[in-house]
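Student: Below is one structure. I have some questions about it.
The values are calculated or read from the model by the stated rules, or taken from the named source; none is laboratory data. Predicted, not measured: the structure shown is a model, and the values here were computed from it. A quick note on method: Cβ atoms are made from the backbone with ideal geometry, for glycine too, and the neighbour counts reach across all protein chains shown. Keep in mind that these areas ignore ligands, DNA and RNA; they rest on the heavy atoms of the full protein, side chains included. Shrake-Rupley method; radii C 1.70, N 1.55, O 1.52, S 1.80 Å.
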Amino acid sequence: MERAKKSHYKIAWLPGDGIGIEVLEAAKIVLDKLELNADYIHGDIGWEFWCKEGDAFPQRTIDLLNSVDAAMFGAITSKPVKAAEAELVPELKGKGLVYRSPIVRMRQLFDLYICLRPTKAYPGNPLNFKENIDIVMFRENTEDLYSGVEFNTVPKELSDVLEKLSKPFAKFKDLKENGYALSCKINTVAGSERIIRAAYNFAREFGRKKVTIVHKANVVRATDGLFLEIAKEIAKEFPEIQFDEANIDAMTMWLLKNPYNYDVLVAPNLYGDIISDLCAQMVGGLGFGCSGNIGERLAVFEPTHGSAPKYAGQYKVNPIATILAAKMMLDWLGEKEKAEKLEKATAAIIKEGKVRTYDMGGTNKTLDIAKAVAEKL
Ligand code: IPM
Ligand code: MG
C-alpha cells in the first residue's frame, strides 16, 4: 500500500472551498518545513466551479490527477439537488445539470478503492473519549450504496423485471413510477475481496491482532452476506490474526462501550462512512479524522471533515486532521522518516497543549498549530 520512494514528486493540490483552503494552507507549512522535494500543482475543484461551469470537478483537474504521484484534498461544499441548481449562473440553469459529490466521483474514476482511516487517541488530547484508542478502519470506497445506480422515478421496464424476479417486490408493484425511489446496493466479489485483503495484509504487516468485519448480513443478506462469506475465506489465509465480525448497529454500541476490543475494522462503503465519524469523535472529533483514498496508482489524502461554510475564512478550525493526512501521504510516498517525524511533532504539540484551536479549548488560529508543528520538526 505504498510506493517506492522517489527523488522528486508531483503532488496535486486541491484545496476545494470553505475551510478546505485554510487547512491545506496549514498542511503546506509543515510539508515545506520537511523539505519534501515536490512540485505542488493547484487543481480547480469545488463549489465555485459548479456555479460557474456546471462542474465542481472539471476535466482539467481529472487530467492533472492522471499526471501526479499523489494529491492533497481540502473539502468541498455540497448542497441538495434543487439548492445546487439554484446557484448555477443563469446560462447554465435548466440544462439538466446534476450536482454529484466530486470526492465520490474521484474515488470511482481513479479506482481509489481503499478508504484508510486511522483512529488514534494522541496522549494529552483533552477531547479523547478514552485514552489509548488505536483503531484502523478500512472502508470500501467505490461501490455499495455509493454505486450511483439510482432511480428517482422507477421505470416500468425495471419494476416489471423486479416483480417477475423478486417475491418481496409484490408490495411495491402497484405503486406509480414516482411513488417510490430506488438506490441499488452493489457489492462485487472482486471489490469485496480487495478491500478485505488490504485490511488483512495491513494487519499482518503491522502486527495487528484482530480484524473485525462490519456488516448487516442478518438482514441485507445478498450483498452483506457476500461480503461476510468472502471475509471468512480470506481469514483462513491469516491464521495468526483473530477473525471477528459484527452487525453495524451493534458495532456502534460496542465501539463506544469498549473501543479496546477493536483493532482493524473493514466495512462496505456506507457502514464504513458511518463508523468513521464515530471513530473520529472518539479521538477528538472531525478535527482529528484523517483519510487516505488509495488505489493502485494514485492516492488522495484529505481530512474527513467537510467544508464547514460557517467557519470559512476565519482561520479558526483545527488543522490537525489535515496535517495527519499529509503524514499519511508521506507514508504512501515511501517517505517513512518524514512521516514519522511529522507524526511525532504533531503528537508533541497535542501533548504540550500550549497551542490549541477552539475545539480543544484554546484560542489559537489554524496556522498557529501548523507553525508550532513545523517548529518541532
Ligand atoms: C466522507 C464523506 C463523504 C462520503 C461525503 C462528503 C460524500 O462523508 O468522506 O466520509 O460520504 O464518503
Ligand atoms: Mg463521511
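Student: Could you check the stretch 302-340 and list, in sequence order, the residues that are part of a helix (DSSP H, G or I), of a type in the set (Gly, Ala, Ser) and either within 16 Å of ligand 1 (Cβ to nearest atom) or without any contact (Cβ under 8 Å) to a residue 24 or more places away in the chain (or both)?
Tutor: Ala321, Ala325, Ala339
Student: For Ala299, only one of the following conditions fails: (1) touching a Ser or Thr at 6+ places or on another chain (Cβ under 9 Å); (2) more than 14 Å from ligand 1 (Cβ to nearest atom); (3) open to solvent by less than 10 Å² (accessible area, probe 1.4 Å). What is its number?
Tutor: Answer for Ala299: the failing condition is (1).
Student: Which of the helices (runs of 4 or more DSSP H) contained wholly in the stretch 14-114 include at least 3 residues that are of a type in the set (A, V, I, L, M)?
Tutor: Result: 20-33, 59-65, 81-86, 102-109.
Student: Then there is this: Restricting attention to the stretch 256-292, report how many residues are at positive phi and either basic (Lys, Arg) or within 16 Å of ligand 1 (Cβ to nearest atom) (or both).
Tutor: Looking only at that region, the number is 1.
Student: To continue, here is another question. Which of the residues that make up the stretch 243-292 are within 15 Å of ligand 2 (Cβ to nearest atom) and assigned to a loop (DSSP other than H, G, I, E, B)?
Tutor: Pro268, Gly285, Leu286, Gly287, Phe288, Gly289
Student: Let me ask you something else. Please find, within the stretch 225-277, the residue that is farthest from Tyr200 (Cα to Cα) out of those that are among the hydroxyl-bearing types (Ser, Thr, Tyr) and in contact with a helix residue (DSSP H, G or I) (Cβ under 9 Å, 6 or more places away or on another chain).
Tutor: Looking at residues that are among the hydroxyl-bearing types (Ser, Thr, Tyr) and in contact with a helix residue (DSSP H, G or I) (Cβ under 9 Å, 6 or more places away or on another chain), I get Thr252.
For (1) under 22 Å from Asn187 (Cα atoms); (2) open to solvent by 50 Å² or more (accessible area, probe 1.4 Å); (3) in contact (Cβ under 8 Å) with a residue 24 or more places away in the chain, each residue gets a yes or a no:
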{"position": "Asp224", "(1), (2), (3)": "yes, no, yes"}
{"position": "Glu229", "(1), (2), (3)": "yes, yes, no"}
{"position": "Glu240", "(1), (2), (3)": "no, yes, yes"}
{"position": "Ala246", "(1), (2), (3)": "yes, no, yes"}
{"position": "Ala250", "(1), (2), (3)": "yes, no, no"}
{"position": "Met253", "(1), (2), (3)": "no, yes, no"}
{"position": "Leu265", "(1), (2), (3)": "yes, no, yes"}
{"position": "Asn269", "(1), (2), (3)": "yes, no, yes"}
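Student: Something else about it: Among the residues of the stretch 144-158, what is the count of those that are at negative phi, open to solvent by 20 Å² or more (accessible area, probe 1.4 Å) and not in a strand (DSSP E or B)?
Tutor: 10
Student: If you don't mind, another one. Within the stretch 313-327, is even one residue hydroxyl-bearing (Ser, Thr, Tyr) and surrounded by fewer than 21 Cβ atoms within 10 Å (Cβ to Cβ)?
Tutor: Among the residues of the stretch 313-327, at least one is hydroxyl-bearing (Ser, Thr, Tyr) and surrounded by fewer than 21 Cβ atoms within 10 Å (Cβ to Cβ), which makes the answer yes.
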